[in-house]
Amino acid sequence: MTGGRTDVTVPGGEDGESGMDGKDSDDKDDKDGESGESGESGESGEYEPWRRPTPLLDRLGDLRRHRTDPDRFRFAVDEPKLNGRGLLHAGAICTIADVCIGHALAGQTDPATPLLTVNIAVSLLGVARPGQVVDVTVTRHRLGRRLASGSADFLVDGRLIAHATATLLPAT
């Protein structure tokens, strides 16, 4: 992940995507949409589907952001996120950590600050199995002119399974 770009777009950016508000510019409906129906990984109305697609996240599937707390995310452990042993893959954890930390930090400014990940470290402390729900909580440490840093805890049923830290640089 070193040197990767966290996909953060300033509102009104050149690619036409929305900013950090979590809404698509065309307000497309999805399978559980805004109707308040419960999805795979969240209680009714608490989390909304991630609306910042990328090819990798599209393949990984379910990722949701809390409706009112931009530092909380959730996802279901399902087939695209599994390793050969049938457990949550470390690469999926690292990818999701990169996205969650980057977007939480970028959203601290108005307009959002595009960020590039220059370092990410993940400590794997437990396992998650198919069907389990993983809660991700980001802690913002710093967002300065030249450096941003944050961390994320991954929990299953209140049990810490991973801790990630990331350092990012403003892309502007």
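General observations
- Answer residue from the range 157-172, given it is assigned to a loop (DSSP other than H, G, I, E, B) and at pLDDT below 95 and is surrounded by the fewest Cβ atoms within 10 Å (Cβ to Cβ) among those: Thr172
- Residue match in the range 70-81 (condition: at pLDDT 95 or above, hydrophobic (A, V, I, L, M, F, W, C), in contact with a strand residue (DSSP E or B) (Cβ under 6 Å, 6 or more places away or on another chain) and part of a helix (DSSP H, G or I)): no
- Restricting Ala104, Ala97, Ala92, Ala112 to those that are closer than 21 Å to Arg51 by Cα, of a type in the set (Gly, Ala, Ser) and assigned to a loop (DSSP other than H, G, I, E, B) reduces the list to Ala112.
- Number of positions in the range 115-137 that are under 16 Å from Lys81 (Cβ atoms) and outside any strand (DSSP E or B): 7
- Of the criteria (1) part of a helix (DSSP H, G or I); (2) modelled with pLDDT of 95 or more; (3) not acidic (Asp, Glu), which one Gly86 fails: (1)
Quick grid of which residues meet (1) crowded, with 21+ Cβ neighbours inside 10 Å; (2) among the aliphatic types (A, V, I, L, M); (3) touching a residue at least 60 places away in the same chain (Cβ under 8 Å); (4) touching an Asp or Glu at 6+ places or on another chain (Cβ under 6 Å):
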site: Leu63; (1), (2), (3), (4): yes, yes, no, no
site: Gly86; (1), (2), (3), (4): no, no, no, no
site: Asp98; (1), (2), (3), (4): yes, no, yes, no
site: Ala106; (1), (2), (3), (4): yes, yes, yes, no
site: Ala112; (1), (2), (3), (4): no, yes, yes, no
site: Asn119; (1), (2), (3), (4): no, no, yes, no
site: Val134; (1), (2), (3), (4): yes, yes, yes, no
site: Leu155; (1), (2), (3), (4): no, yes, no, yes
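- Flag for Asp62 being within 23 Å of Arg129 (Cβ to Cβ), part of a loop (DSSP other than H, G, I, E, B), at pLDDT 50 or above and within 14 Å of the chain's Cα centre (by Cα): yes
- Matching option when the condition is part of a loop (DSSP other than H, G, I, E, B) and either under 15 Å from the mean Cα position of the chain (by Cα) or on the phi < 0 side of the Ramachandran plot (or both), among Arg145, Arg140: Arg145
The values are calculated or read from the model by the stated rules, or taken from the named source; none is laboratory data. Because the structure is predicted, anything quoted here is derived from the model rather than measured. Reconstructed Cβ throughout: ideal geometry from the backbone, glycine too, with neighbour counts over all protein chains shown.
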